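Down below is the structure, laid out as structure tokens.
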Amino acid sequence: MNPNTGQPIQNPTVPTNNLQSPNNQNKNSTIGSVTTPSLGDIFGPDEIVTTKSTLQTTTPIPETALETNTQVAVTQSPLTTEVTNQIPQIVPISDTTVLQTSQITTPVIAPTETDTVQTPIITSPTTVITSPTQQQRETITTVTPPSPQIPVPTQITTPINTSAPAPIPHPEYTMTQAGTVSMSSPAPTTPPVAPAPQPTTSTGPVVTQNTQTLTQAGTVAPIPQNSAPISAPVGVIPPKIVVKKGSKISPLKFIIGCGVFGFLLIGAVGFILYFALQNPTQFQGIIGIEGIKTGLKLFAGLFFGMLFLGSFVTIIFNLYKLITQKTGSKIKYVIGLIFSALVLGGTVFGGIVSFNRINEIIETTGANNSILLPYIQFKDKARLISEGFPIIAPTKVLYGTNETLLTRFLTTNFVNKQINSLKLDCGNGTQILNYNQSQKQFNGQCLYLKKGDYPIKFITNITDKATGVTEDITSDLGPLSITTEVSLVPSSGTLSSNDANDEIIIGKAPTKINFDSTSIFTDLKLSEYKIQRDLDGDGQWDKSDLTNFSYQFRKPQVQSIYYTLPNIGQYSNLVYQIDLRVLQNDVPICTITTTPSTASNTTYTISTTFDTDQVIINSYMYRIKNLSNNRFGNALTNKKESFDYDFGAQGNYVVYLDYVTEDGKQGSCESDTIEVGASTFDVKSTLQYKGPNDTSRTPLTTTGIVSLNDKKISSTVLPIKLLLTINSISPQSSTTKTVVKLDNQIIQTPNGKSYEITLTNSTHELITIHISDPITKAVTLLEYPIHITQEDIIGKLNTFPSSVGTSPFEVTLDASTTTLTDKDDEIIYFTWDYGDGEIITNSSQSRTTHTYVYDENTQNGSYNPTVTVTTKKGKVAKFGIPQPILVKKPTITARIDIDSHPAQIASVGDKVDFSLHTDGTPTKIIWDFGTSEDIECFDRSCASVPMFFTTPGTYTVNATITYKDLNSTTATTKIVIE
């Protein structure tokens, strides 16, 4: 009870404060916004401590008051607190418990500095200190400043329980000016004796509670912000603080962690490499062919490089352990060494295989971006049609497949269907080929006899999994265009083919075929009629520059005919191949030869031989045909195997023989064309050269370091090797002789056709070809004057990898083989004129790379680059490439994939993801979904777009792409909305 008012003294509300013990931050209870430790955290569940405090004031304290339901505060007081152990009496009470004291002195309104206040913890039976309830903790959030008008008692005295247990260690707290509390832990070796308690001196009214005890009870007594530090008494044993250090990683764990990380990294790179090798065309529209090539090789190098390094290091480690370890078992190091060696060997092998696979993929992908990969067999190898060479009939085509695109085609077009077989319709009306999945190609070859467009189709036999119905589905793959042809006309009968329709059968031996190549020159727009043929497969050209001629095949076999076209630019080195089958004859095969007679220049000896002497010929009938009027003379029935015949006049003739054997079998044969009465010879020859820096021969043309103009050979380099090849002499007989000389020195020949002539100095003057026949007295003399002018700069400009390509076409120009005749001079500058308006002056590089593009405005793709070299002595020379660089107009392809619904079937409201793939760089894309919603962008930003269809039906989706400097193109697909 308050003696002044007669009212009971209410339990004052203790304000919150940020004071808390650092040792118990994880076991706190929260009062308002303040966190305080619980009793059990510090002293255990059965201990509660009372305190005796000594307050010593050094500055005047403003008047404060204690009133009912008002917070108790000590302000502006430097404070030193001694803590002793007292066990208070704890009695549970309700939220309305009243704090009562046993003695209250008369309040003093204005205390002096000598006033003393003793504030022990109240321990009377009616005094109870408890923790506030949860509701009270949530509501104690504000501090009500004490009113200075309410008198405060100057002294409160209560009985003190003097009995106490042994001292308990306590931390040392320090209050800073900011109101925070720090703790230190002195650790004296022996506990000091606690000093006698000192009275508290105050200059103003002060009310205090045992801060430590209140804190244990869940309430913190307010402490002024400017209070002096609070320190533990000397007699108290401070707590022992244990600082937990951070954990350390052992070297073994570190090595294991690095190994796991390396294993995961290698696995990730290996997975990326495998996916890229299996799906190279997925990235073609983004980074192009060169990007695919570079990326695959980078990943392959990274993957196998890491494997190689890891296995190599492991080998070294195991070897080291085997050598240095003196005790213990070494079996684990032997096993590790063997395993590492196997991994190293597998890495090397896998790297080689992978890089070869990359090159194959790049070649296939870059050359043809379609499902079918058509090849044509040339003399040296089979080549993809997409390389750009002219396709000349008759020809046979082998069809391989792009497995990635074929799989996509089948899975997209035949959803929920079982594919039983796949066939290819060659489009020639006679051949259908079966697919060989293991070889990734169709069995056999398609034979095309004439030029034209042939529609290529897939025939897919499928079974519907739902209905069980089996049917053939035909898919159009587009036409195969054959540019031109060589016409083959047998002298009797017609051409046929075998049962597989992949061989040309020209008849029974002996048989004659007329070759007409006129359309090649007209279709390909070739200005010169240059063509060379090897008709018997001996590697020598039998016919040169003849567009129309006949040839007789006497042996029953498959005869390969080879021919080349020297004037078709970069493809002039290609040797085309035609395979002809000559069937076995059931009668003897005859051969007719003619030899000029000494009687006259129109008289010849006609001789007939047979391939066997086991047969008897009962009758002969010879017929002479004049090719100038295609008329036959009188039949000769009284002649045998050999006789003389006078043709009567100059001209071209053919001798035919019909014969009957003793067993009644009939046969026939004919001679080659006979040129009767010729006083000179028609000679067809070619000249090739190889310079001092060349590894192969080059045909002589009107330009270059070695040239041929009006049968005059000019050269600016030495030494050079000339190869003179006499392809044909007409008319030619067994008595015809050929002599080739260099400055009256006879040049020997190994085969009667080829003559190698070496020019080593500038004194050479003349090459002569002398052809004569002592019987017919025909003579022909051909002369090739030689002019050697060694220049100071012998320039040569080469192009790599080729001089023909598709826009944009990157070409490397190489002038590094340029030589100087003056050994004391050297090249200083190269000035590059690329022929398209760009010039680089005074470059020090003998090689340069330039990208050529097809000019859509002028429809031009032909460029003639040159290089001008300047030497240290001031000499200058300009030279170019033998043939212009030809840039073909690019063929832009585009397709639309439905990534979310590859079966091209979706439901109303589904999100359908469309993606556009193109090998160009778009400047504008317009999507037309067959609805009112179109999408347009000006770069690749809408190359992938989502779409929602709200109405069932079949929709045709178009994407129109516009390119810079290229024609626009449109990709189309369909989707069914159900």
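The values are calculated or read from the model by the stated rules, or taken from the named source; none is laboratory data. Nothing here was measured: the structure is a model prediction, and the numbers come from that model. Neighbour counts run over all protein chains shown; Cβ positions are idealised from the backbone, glycine included. The protein model used for the area step is the full one, side chains on, heavy atoms only, and it has no ligands, DNA or RNA in it. Shrake-Rupley method; radii C 1.70, N 1.55, O 1.52, S 1.80 Å.
Quick look at the values:
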read-out: Residue selected from the stretch 380-401 under the condition under 23 Å from residue 476 (Cα atoms), touching a Lys or Arg at 6+ places or on another chain (Cβ under 9 Å) and of a type outside the set (Ser, Thr, Tyr), by the criterion surrounded by the most Cβ atoms within 10 Å (Cβ to Cβ); value: 393
read-out: Lone qualifier among 758, 780 - being open to solvent by 20 Å² or more (accessible area, probe 1.4 Å), of a type in the set (S, T, N, Q), at pLDDT 80 or above and not in a loop (DSSP other than H, G, I, E, B); value: 758
read-out: Entirely in the stretch 827-872, the strands (runs of 3 or more DSSP E) that have 1 or more residues that are modelled with pLDDT of 90 or more and open to solvent by 60 Å² or more (accessible area, probe 1.4 Å); value: 827-833, 839-843, 847-852
read-out: Cβ-Cβ under 8 Å pairs, at least 6 apart or on other chains, the stretch 625-638 side under 16 Å from residue 671 (Cα atoms) and in the same structural domain as residue 549 (by the TED database), far side in a loop (DSSP other than H, G, I, E, B) and open to solvent by 50 Å² or more (accessible area, probe 1.4 Å); value: none
read-out: Any chance residue 453 is open to solvent by 80 Å² or more (accessible area, probe 1.4 Å), under 30 Å from residue 582 (Cα atoms) and in a strand (DSSP E or B); value: yes
read-out: Candidate set: the stretch 355-379, residues that are among the hydrophobic types (A, V, I, L, M, F, W, C), crowded, with 17+ Cβ neighbours inside 10 Å and assigned to a helix (DSSP H, G or I); chosen: the one modelled with the lowest pLDDT; value: 362
read-out: Within the stretch 762-777, tally of residues that are in a strand (DSSP E or B), under 17 Å from residue 714 (Cβ atoms) and without any contact (Cβ under 8 Å) to a residue 40 or more places away in the chain; value: 1
read-out: Condition check for residue 509: farther than 20 Å from residue 397 by Cβ and in contact (Cβ under 8 Å) with a residue 24 or more places away in the chain; value: yes
read-out: The stretch 789-801, residues that are open to solvent by 30 Å² or more (accessible area, probe 1.4 Å), in a loop (DSSP other than H, G, I, E, B) and either touching a residue at least 60 places away in the same chain (Cβ under 8 Å) or hydrophobic (A, V, I, L, M, F, W, C) (or both); value: 789, 790, 791, 792, 796
read-out: Selection count where residues are under 28 Å from residue 566 (Cα atoms) and crowded, with 16+ Cβ neighbours inside 10 Å, scope the stretch 884-896; value: 5
read-out: Pairs with Cβ under 8 Å, 6+ apart, first in the stretch 529-557 and closer than 19 Å to residue 583 by Cβ, second aliphatic (A, V, I, L, M) and surrounded by fewer than 17 Cβ atoms within 10 Å (Cβ to Cβ); value: 556/583
read-out: Residues of the stretch 803-825 classified as within 14 Å of residue 861 (Cβ to Cβ), part of a loop (DSSP other than H, G, I, E, B) and at pLDDT 85 or above, total; value: 1
read-out: Among residues of the stretch 693-731, those that are assigned to a loop (DSSP other than H, G, I, E, B) and touching a residue at least 12 places away in the same chain (Cβ under 8 Å), counted; value: 12
read-out: Spans of strands (runs of 3 or more DSSP E) in the stretch 883-923 with at least 2 residues hydroxyl-bearing (Ser, Thr, Tyr); value: 911-918
read-out: Conditions (1) free of Cβ contacts under 8 Å to residues at least 40 places away in the same chain; (2) open to solvent by 50 Å² or more (accessible area, probe 1.4 Å); (3) farther than 30 Å from residue 780 by Cβ; (4) not polar (S, T, N, Q); number of the one not met by residue 690; value: (3)
read-out: Residues located in the stretch 616-665, provided they are open to solvent by less than 90 Å² (accessible area, probe 1.4 Å), outside any loop (DSSP other than H, G, I, E, B) and among the basic types (Lys, Arg); value: 623, 625
read-out: Qualifying positions in the stretch 873-882 - part of a loop (DSSP other than H, G, I, E, B), at pLDDT 85 or above and at negative phi; value: 873, 875, 881
read-out: Check on residue 400, at pLDDT 90 or above and either among the acidic types (Asp, Glu) or not in a strand (DSSP E or B) (or both); value: no
read-out: Top-ranked residue of the stretch 320-340 - restricted to ones that are under 21 Å from residue 258 (Cα atoms) and among the hydrophobic types (A, V, I, L, M, F, W, C), ranked as farthest from the chain's Cα centre (by Cα); value: 337
read-out: Unmet requirement for residue 574, which otherwise passes all of (1) farther than 30 Å from residue 449 by Cβ; (2) of a type outside the set (Gly, Ala, Ser); (3) modelled with pLDDT of 85 or more; value: (1)
read-out: Subset of the stretch 612-633 [farther than 18 Å from residue 492 by Cα and touching a strand residue (DSSP E or B) at 6+ places or on another chain (Cβ under 8 Å)]; value: 615, 616, 617, 618, 619, 620, 628, 633
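Results for (1) over 31 Å from the mean Cα position of the chain (by Cα); (2) of a type in the set (S, T, N, Q), shown as yes or no for each residue.
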site: 789; (1), (2): yes, yes
site: 805; (1), (2): no, no
site: 813; (1), (2): no, no
site: 818; (1), (2): yes, yes
site: 824; (1), (2): yes, no
site: 829; (1), (2): yes, no
site: 846; (1), (2): no, yes
site: 850; (1), (2): no, no
site: 858; (1), (2): yes, yes
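Matching residues to (1) under 24 Å from residue 416 (Cβ atoms); (2) among the polar types (S, T, N, Q); (3) at pLDDT 90 or above; (4) surrounded by 15 or more Cβ atoms within 10 Å (Cβ to Cβ):
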{"residue": "901", "(1), (2), (3), (4)": "yes, no, no, yes"}
{"residue": "910", "(1), (2), (3), (4)": "yes, no, yes, yes"}
{"residue": "914", "(1), (2), (3), (4)": "yes, no, yes, yes"}
{"residue": "917", "(1), (2), (3), (4)": "no, no, no, yes"}
{"residue": "939", "(1), (2), (3), (4)": "no, no, no, no"}
{"residue": "943", "(1), (2), (3), (4)": "no, no, no, yes"}
{"residue": "955", "(1), (2), (3), (4)": "yes, no, yes, yes"}
{"residue": "967", "(1), (2), (3), (4)": "no, yes, no, no"}
